[in-house]
1. Using only the C-alpha atoms of the chain, find the volume of their convex hull and express it per residue in Å³.
2. With the chain treated as a Gaussian network of Cα nodes joined by springs under 10 Å, which of Thr69, Thr110, Thr11 yields the largest mean-square fluctuation?
3. Starting from the amide H of Phe15, placed 1.01 Å from N in the peptide plane, find each other amide H under 5 Å away whose residue is 5 or more places distant or on another chain.
4. How large is ³J(HN,Hα), in whole Hz, for each residue of region 7-16 in order, when computed from phi with the Karplus curve 6.51 cos²θ - 1.76 cosθ + 1.60 and θ = phi - 60°, using x for Gly and Pro?
5. Between region 136-156 and region 11-61, how many Å separate their Cα centres?
6. Of Leu99, Leu127, how do they rank once you tally other Cβ atoms within 10 Å and put the fewest first?
7. Give me the aspartates and glutamates in straight-line cross-link reach of Lys123: C-alpha distance below 13 Å, same-chain residues under 8 apart excluded.
Amino acid sequence: MSEIIKYNNDTFIKFINNKEIIEKIKNLCDELNKIYIDEKLHIIGLLDGCLPTLNEFIKHINFDYELTTIKVSSYKGMKQGDVEFKDTLEKKIKSDNILIIDDIIDSGNTIKNIKKYILNKSKNVNLKILSLLVKKEGIKLCDWYCFKIPNKYVIGYGMDIDNLFRDLEDIYILKE
């Protein structure tokens, strides 16, 4: 795959390769396998960006889980807007342990809204957040993350601009 991606007047350069991504996810799963070995976990994936991370994550976990997804959107192009999500939690969550998996936490608006929504729907749960990428503002909002990144726009491995570039196996960052 190319080291450079061009879109409109923007240039993105390869930032994190697929091998590094998979290795970080495997290492994180090793840790979580120890924590949740005797527990049942309800995993909630935030669509669409989490799909590659979620897919890799469930390959490496060794504990019981139930899986739900919530469709979330907060970007129009490269501009962040209001958080919109579609409720797919038709039934009450049965597990005491909930893990939200996201692709990236940048400003934290999305994760704050989803967390509030889930805690209103399911009282007295142990809610944890896992994100593939985290920017400075988002570190305090998650329990586990794979990579801390600068405050720049990224694409690939589930992350997009106008639903493009999600299919890239590597992560690219906006070149200034």
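1. Residue-normalised Cα hull volume stands at 107 Å³.
2. Thr11
3. Here Ile171, Tyr172, Ile173 satisfy the definition.
4. 9, 6, 9, 9, 10, 10, 10, 4, 10, 9
5. Centre-to-centre (Cα) distance: 14 Å.
6. Ordered by Cβ neighbours within 10 Å, fewest first: Leu127, Leu99.
7. Asp96
We did not get these values from a lab; they are worked out from the coordinates using the rules stated. Everything numeric here is computed off the predicted structure, so don't read it as measured data. Glycine also receives a Cβ, built like all others from the backbone with ideal geometry; neighbour counts cover every protein chain displayed.
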